[in-house]
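See below for the structure under consideration.
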Amino acid sequence: MRTNQQPQRSSLDPTRRSLESQEFEASLRQKIVGQEEGIRAVVDLYQVFCAQMCATGRPVGNLLFLGPTGSGKTRIVEAAAEILFGDPRAVIKLDCAEFQHSHEIAKLIGSPPGYLGHRETHPLITQEELAKHHKENLKLSFLLFDEIEKASDALWQLLLGMLDKATLTLGDNRRVDLSQTMIFLTSNLGGGEITDMITGGMGFVQPGHKPAEVLDGKVERTAQEAARRKFSPEFMNRLDKIVVFHPLRARQLEQILEIELDMVQRRLLDTARGQFLFRVAPAAKAFLLREGTDLKYGARHLKRAIERHIVYPLANLLATEQVRLGDMLCVDWDEREQRLIFEKEGEGAVLPVAVRTILSANDQAAGATGGKPTEAPASVAAREAQAPVALPPVTPIPAPANRRKNDT
Ligand SMILES: Nc1ncnc2c1ncn2[C@@H]1O[C@H](COP(=O)(O)OP(=O)(O)O)[C@@H](O)[C@H]1O
Ligand SMILES: [Mg+2]
């Protein structure tokens, strides 16, 4: 018997993301400037993982990042690790240039039994290593192959297997399961062509050169074509997505400067002796941008300028005790002398107040994403909250997680 009642229909919104993905995305946007497509690709994968909809027997996802040097390809993976696991180094990162010869492959998978030097070579990719940063509610791992255009044939063979079957067989025949792993591959392929295209081979952007959209399209085609020329179809077919990172524009470098200066401040607040505040006047920022803008090396050049002109001098001031706990410093630009000047603006009591201002400003920024701090890792937030506000006395604080030896 038919009932007259029609099943009730209500329309659904398949574009809406879960709260955890929204928070992840908002945090990523605070760390990565521009690169919209890259952010979307990483968040999409995370959403698929959270919904437990990954295909069985495959990695969570295989993403290839193309585009010029210093545009954020490696950084986006580290930033995602920092947000999700509280540590930018929660990534197994392999520099493909280091695995050119067959004996170097042994560094990756360990040597087979009986192989010369067997005991000494521990594989870099193991199940334990992948699980090292797992959290109770997040059993996800990140694997990053940097600059894959430099990989040897032997590495390619391994890579193809990992991308396709989500397994890796180690030298001693143990199997590593990569089905809970996101695999990221980066390549600067086409980077030189892209730089030439933007600068017209002149090394700098010519005023009124070409509209941004036209250029963006060309950048994308150039990178994709370079990849198709270099990489085999069987490799390209195993990728879930190819994302082209764009050269950074002046406005974006300005934003990166702010992020990097903020990171320097955090580094200072994390040291036992260096808990003082500094601000950089607009004229000094303009100088850093002039020094740090280089189309060939993207934001890498800017980071170097900050190290040289801000971090080293601050370290000197600290080491010679010209600045002390609780001081407030201003970095300005002396037009006549054409150099940066460092001046003390206040001392002692200023710190706890000023730090609270900074922290509450950060909280307000976090408020935009639903009231929760966007810097997800509680450990980081707790450390930051404790360190500056609990002054004095000062207890030594471990080196910050975001300090790395090199940033290539
Ligand atoms: N889009 C970006 N947003 C924020 N920081 C960036 C961005 N691009 C580059 N950087 C900064 O420059 C550094 C070098 O970028 P990286 O990601 O290593 O470049 P590559 O694209 O060559 O992998 C990063 O550590 C980061 O500090
Ligand atoms: Mg890189």
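If you check 168, 239, which single one turns out to be away from ligand 2 (no atom under 16 Å from the Cβ), within 22 Å of the chain's Cα centre (by Cα) and at pLDDT 90 or above? Residue meeting the stated conditions: 239. With respect to the conditions (1) outside the structural domain of residue 194 (by TED's automatic domain parsing); (2) within 16 Å of ligand 1 (Cβ to nearest atom), residue 87 lacks only one, and its number is (1). Looking at segment 16-52 only, could you name the residues that are buried (at least 21 other Cβ atoms within 10 Å of the Cβ), more than 16 Å from ligand 1 (Cβ to nearest atom) and of a type in the set (A, V, I, L, M)? Result: 45, single match. Scan segment 177-190 and report the pairs whose first residue is within 11 Å of ligand 2 (Cβ to nearest atom) and whose second residue is in a strand (DSSP E or B), with Cβ atoms within less than 6 Å and a gap of 6+ or a chain change. Filtered contacts from segment 177-190: 184/63; 184/144; 185/64; 185/145; 186/65; 186/146; 187/66.
Only residues that are modelled with pLDDT of 85 or more, out of contact with any Lys or Arg (no Cβ under 7 Å at 6 or more places or on another chain) and among the polar types (S, T, N, Q) were counted across segment 12-54, and they come to 5. Can you say whether residue 25 is closer than 28 Å to residue 213 by Cβ and acidic (Asp, Glu), as far as the supplied structure shows? For residue 25, the condition - closer than 28 Å to residue 213 by Cβ and acidic (Asp, Glu) - is met.
If the condition is being more than 9 Å from ligand 2 (Cβ to nearest atom) and in a helix (DSSP H, G or I), then segment 64-76 contributes only 76. Restricting attention to segment 95-109, and to residues there that are surrounded by fewer than 22 Cβ atoms within 10 Å (Cβ to Cβ) and not in a helix (DSSP H, G or I), which single residue is farthest from ligand 2 (Cβ to nearest atom)? Within segment 95-109, the match that is farthest from ligand 2 (Cβ to nearest atom) is 101. Among the residues of segment 303-339, the one identified as touching a residue at least 60 places away in the same chain (Cβ under 8 Å) and closer than 30 Å to residue 71 by Cβ is 303.
The values are calculated or read from the model by the stated rules, or taken from the named source; none is laboratory data. All values reported here derive from a predicted model rather than from experimental measurement. With ideal geometry, Cβ positions are generated from the backbone for all residues, glycine too; neighbour counts draw on all protein chains shown.
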